[in-house]
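Here's the structure, in structure tokens; my notes come after.
The values are calculated or read from the model by the stated rules, or taken from the named source; none is laboratory data. Model, not experiment: these values are computed from the prediction. All Cβ positions, glycine included, derive from the backbone under ideal geometry; neighbour counts span all protein chains shown.
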Amino acid sequence: MPILDSEKRKLFQEQGFILLENAIDSQLLKGLQRDFNGWVKDSINHSKPYGKMLDGRPRFDLDSGHRQERPALRRVASPTEISSICLSVVCSSYATQAVVELIGPDVRFHHSKFNSKMPGSETVVKWHQDFTFDPCSNDDSITIIVFVDNVTETNGVIMLSPGSHKGPLYSLWQDTVFTGALNEDIASEMEKTAVPCVGKAGDVCLMHSRVAHASKLNQTNQPRTLFIYNLIAADAIPLVPNAVPSKHAGMLVSGKEPGRIRTTSFDIEMPEIPKDASFFNQQAQAK
Ligand SMILES: O=C(O)CCC(=O)C(=O)O
């Protein structure tokens with residue numbers, strides 16, 4: 001029995017994203033919440049980004065103002081390497097099955113992360129498309145946004161630009177600086193038609209990686225935590241080094257090795273791998 005009916009498929013093709021309610025079962029959801037809360041507790045013992053990803057950059061990133069009374073863990077990179085629950089979500093959730101229905105049958109894992117905006121966090125995410133950070137030979141690439149907390153219009157919601165996956169791939173450079181953000185004029189155009197990606201814990205948004213999106217400030221005293229992972233068609237060959245490297249990168253989550261390379265035609269600038277724990281500092285350089 002397919003997870004996606006024809007209406008949901010059509011909506012995904014048209015607007016580039018869909019919300020799947022209750023796509024993470026309650027045991028997996030509790031596990032994600034437990035693991036993340038454990039990392040928040042540990043973060044209290046640190047005053048700067050810590051831990052190690054595969055390439056030596058810090059795995060755990062802290063927002064400015066992080067302190068014991070108000071921990072502000074904002075990023076955990078490649079959590080599938082340290083959480084069996086995250087690996088289970090990637091390998092066997094309904095969300096992954098739905099992605100296989102859209103770009104399968106042969107699908108592989110590209111990267112994963114937790115992004116959190118704790119109460120008092122100062123993080124906003126500027127407009128960007130994920131595909132230009134992680135270009136592959138073809139654009140059958142979907143970002144899976146798992147709501148670990150309820151996401152409301154005021155606790156740091158992601159805003160999505162419907163239909164933008166059918167439009168251009170925009171530059172993430174301003175002058176000679178890789179800012180990881182679209183320029184202000186394009187961003188203000190996107191704002192005009194953007195829709196908020198709200199839902200409850202356990203819901204999932206499937207977003208085509210070309211969809212332009214941004215996210216707002218958390219204005220509440222509730223955390224907003226997302227587990228985000230990226231799946232690509234198995235014949236989409238990554239064109240640049242992985243900005244969130246993982247020992248699981250390239251793992252098949254469905255189907256078999258196609259032994260083929262498929263291409264989509266595009267012409268973009270090379271992205272830059274962040275020097276720090278995550279792309280938030282790159283975006284801070286945008287005008
Ligand atoms: O966590 C957020 O608010 C946005 C995340 C995002 O857009 C990204 O990581 O590409």
query: What tally of residues in the stretch 254-287 results from selecting those that are part of a loop (DSSP other than H, G, I, E, B) and either within 24 Å of residue 97 (Cα to Cα) or modelled with pLDDT of 95 or more (or both)?
result: 17
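Condition check ((1) at pLDDT 95 or above; (2) surrounded by 15 or more Cβ atoms within 10 Å (Cβ to Cβ); (3) under 27 Å from residue 58 (Cα atoms)) across all residues:
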position	(1), (2), (3)
148	yes, yes, yes
156	yes, yes, yes
164	yes, yes, no
196	yes, yes, no
230	yes, yes, yes
235	yes, yes, no
252	yes, no, yes
- prompt: Here is a list of conditions, (1) within 10 Å of the ligand (Cβ to nearest atom); (2) modelled with pLDDT of 95 or more; (3) in contact with a Lys or Arg (Cβ under 6 Å, 6 or more places away or on another chain); (4) of a type outside the set (A, V, I, L, M, F, W, C), and residue 123 meets all of them except one; can you say which number that is?
  reply: (2)
- prompt: Does the stretch 54-92 hold any residues that are at pLDDT below 95 and polar (S, T, N, Q), and which are they?
  reply: 64, 68, 92
- request: Consider only pairs whose beta carbons are under 7 Å apart and that are at least six residues apart or on different chains; among these, list those whose first residue lies in the stretch 164-176 and is over 22 Å from residue 282 (Cα atoms) and whose second residue is modelled with pLDDT of 95 or more and loosely packed, with under 15 Cβ neighbours inside 10 Å.
  value: none
message: Suppose the filter is buried (at least 20 other Cβ atoms within 10 Å of the Cβ) and acidic (Asp, Glu); does residue 134 pass it?
response: yes
field: Filter result (near the ligand (Cβ under 9 Å from one of its atoms) and part of a strand (DSSP E or B)) within the stretch 128-142
entry: 128
message: For the stretch 166-189: of the residues being out of contact with any strand residue (DSSP E or B) (no Cβ under 9 Å at 6 or more places or on another chain) and hydrophobic (A, V, I, L, M, F, W, C), which is surrounded by the fewest Cβ atoms within 10 Å (Cβ to Cβ)?
response: 177
- prompt: What are the residue pairs meeting all of these: first residue in the stretch 114-127, first residue in a strand (DSSP E or B) and of a type in the set (Val, Ile, Thr), second residue more than 8 Å from the ligand (Cβ to nearest atom) and modelled with pLDDT under 90, Cβ atoms under 8 Å, and 6 or more apart or on different chains?
  reply: 125/280; 125/283
